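What follows is a set of notes on a single structure, which appears directly below.
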Amino acid sequence: MRRRISLFLIFITMASLTFQPVSAQASGPVYIVQPGDTLSYIASRFNVTVNDLIAANPSVDPNFLSAGQEIVIPGLEGVTGVLETEIISLGDTLRSLSRRTQVSDEQLRKLNRLISPSELYVGVGLIVPTQAQQEPLSTRITPAAGESLLELAVKQNSDPWTLTSLNKLSGTWDALPGDILYSPVAGGEGNATGLPSAFLSAGIEPLPMIQGSTEVIRVQAREGVSISGTLVDMPLHFFQDIGGQVALQGVHALLEPGIYPLLLEATLPDGSRQSFQQMVLVTSGNYYSEELYVPPETIDPTVADPETRTIVSLTNPSTALKYWSGVFSSPAIYPDQFTSRYGTRRTYHGTGTDLVIDGFHTGLDFAGGEGLQIFAPAPGKVVFAAPLTVRGNATIIDHGWGVYSGFWHQSAININVGDMVEQGQVIGLVGGTGRVTGAHLHWEVWVNGIQVNPLDWLNQAYP
Ligand SMILES: [Zn+2]
């Protein structure tokens, strides 16, 4: 998502300066101050010292930065315009970014301190200078195998020489099949990506990925092409949706922030394969920590581990039917009263023993005691309904496409394995069975083998 709001104002400002004599004041690209920015943040963002920033901006009071103010960034000879942040999306390369923004590879590397083009990670914000008088090129086009630049130009209502110059090609012969080119004409064919030819488009959101987030991977492919892939180390399961093939994947709450691979593979009708891989950024969920004192048998690994393996195997299959549609509804009577949120780092102490186990809170705990009704948050099929040592009276509902809901610690279970449930149906009653410090409802959501933040499912519709 690019910010262009300020461009028009800058254009006006620059236009009014045109008739003034050339002055000796500091020159260089400008950064527009954003709410919450400090001079030291801006200095570190652009790898300059605070003193250099102050020297380059003599009229700026470092103690009173205000949003919308222009700050000249020194030390970037040859770069002009307004410096903005652009989030790298799937398929972007340094070459394609350079074409889209009309900024040279060299300047992009210098601005972003990139050592190698392979450092372009999906979800990372890249600094890009934009010129007031020049809108970046937004129409992406890709030559198909055997297609000449002339044919492409005709389709784009342009000419090969314009495309050659805009895309900094050394000649009309220099466009390769599958390459991303930019066209000055709005409304291209929309098949343009840096992806292999079997893909029409591919995307992942939200970006950057966050510990505990649910990621939606959406691919449009040519006819007869089936898509597979992996995200981090999880095999993706793609299903047909309106406008393409979709996979849902949870990001583990304890996955170290960093960069991880997203691999997409297309299997063509003739059995041949094309694959594409790019690194994607995972950021921290900024979760809290807490210490809990519980009966030691509920954290004894010889009991807890086999139980966890049972839950993992129950929530592993990816059912091809999708039972739900739209946003999930709250399973609890008091929908916004939480006693513990997802992701909290937990240390469990076995009371009266020296048993200590580390983990994280895999679901959302709702306030409200013994006997309150529990509702199915979305339609699905019951795949488990029985007592467990750690989780107490437990129910698991399969919502399809690898999405499951788990309900623990109930005082009563109202449904049986194999039942189909409707959204809002009463499936059980709140209780204090299993590893608890008091009666409450624990609800968790699994997405393709990983527990995710359930609040996301109450706030937005997936996929
Ligand atoms: Zn819980």
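The numbers here are math on the coordinates, done by the rules we state, and not lab data. Worth saying up front: this structure is predicted, and the values here are computed from it rather than measured. Glycine also receives a Cβ, built like all others from the backbone with ideal geometry; neighbour counts cover every protein chain displayed.
If you take the square roots of the eigenvalues of the alpha-carbon gyration tensor of the stretch 293-376 and sort them as a ≥ b ≥ c, do you get rounded (a/c under 1.5), prolate (a/b over b/c) or oblate? Oblate. Find out how many positive minus negative residues lie around Gly438, taking Lys and Arg as positive, Asp and Glu as negative, among other residues whose Cβ is under 13 Å from that of Gly438. Net local charge, Gly438 excluded: -1. Ordering Ile357, Gly371, Asn316 by Cα displacement along the dipole of the stretch 305-383 toward the positive end leaves Asn316 in first place; charges were set at the Cβ atoms of Lys, Arg (+1) and Asp, Glu (-1).
Between Thr353 and Ser59, the modelled label-to-label distance comes to 7.2 nm, taking each label 7 Å out from Cα in the direction of the beta carbon.
Counting Cα-Cα pairs of the stretch 201-298 in 10 Å increments starting at 0 gives whole-percent bin shares of 14, 41, 23, 13, 6, 2.
Starting from the Kirkwood Rh over alpha-carbon pairs, what translational D in µm² s⁻¹ does the stretch 337-450 have by Stokes-Einstein at 25 °C and 0.890 mPa s? Rounded, D is 170 µm²/s.
Peptide packing for 30-40, 257-267 was compared via the average number of neighbouring C-beta atoms within 10 Å per residue; ordered from the highest value, the list is 257-267, 30-40. Report the FRET efficiency, 1/(1 + (r/R0)^6), for Glu291 and Ile259, where r is their Cβ-Cβ distance and R0 is 51 Å, rounded to 0.05. Between Glu291 and Ile259 the formula returns 0.95. Highest-first packing order for the peptide set 443-449, 431-437, 354-360 is 443-449, 431-437, 354-360, based on the mean count of other beta carbon atoms within 10 Å.
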